[in-house]
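Some notes on the structure that comes next.
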Amino acid sequence: MRGSKATLLIAVLSVLTLSSGCSKHHGTNPSETVSPPVYKIRVAPHNLSGTGLTLQINNQDDLYLTPNQQSTFKNRYPDGTAYNITVVAQPTKPSQTCTVNNSSGIVQGRNVSLVAECTTNKYTVGGTVSGLNGQVVLRNRVFGQALEELPINSDGASHSQKISRMEMFT
């Protein structure tokens, strides 16, 4: 009889141990702390072709964007958190200006997805030709390749042309 009482005691203790473990696992234990959900803030670039675009959220977490790739800030934010995203470095090669749509807001119980809108900067190149006998062609070269050409055919002519991806005008 002693063996069966010991077996019964072990069985009862096993059931109590399992059931107490289950209640903790399901979060019904009043002393258990449950963390609130946190959310991601992502930014997708649009028309980004340069390098070096750097964003910052709430003056602390940097995010480097590359063309055609959505990126996520490393920190996670609980519901109700205010965020403010600023551009701390604009892209170069080519020179671009980017802004983040809806750059300020409040996390509202879900992940936040934003867009960084980029435009390529254009510059005006101009001048007056004197002493020209024949024709000269000005070429805007980017990485050694001629992208834009401006033929000049007469002496005393004034010219101006908007160019974008400027590395060298020859």
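Other residues whose C-beta falls under 9 angstrom from the C-beta of Leu138 contribute a net charge of -1, scoring Lys and Arg +1 and Asp and Glu -1. Accessible surface of the range 52-108, 1.4 Å probe: 43 percent of it comes from carbon and sulfur atoms. For Arg76, the shell of other residues with beta-carbons less than 15 Å away shows a net charge of +2, using +1 for Lys and Arg and -1 for Asp and Glu.
The values are calculated or read from the model by the stated rules, or taken from the named source; none is laboratory data. Predicted model, so just to flag it, every value in this text is computed and none were measured. Note that we place each Cβ from the backbone using ideal geometry, even for glycine, and neighbour counts take in every protein chain shown. Ligands, DNA and RNA are stripped out before the accessible areas are found, and what is left, the full protein with its side chains, is counted by its heavy atoms. Shrake-Rupley method; radii C 1.70, N 1.55, O 1.52, S 1.80 Å.
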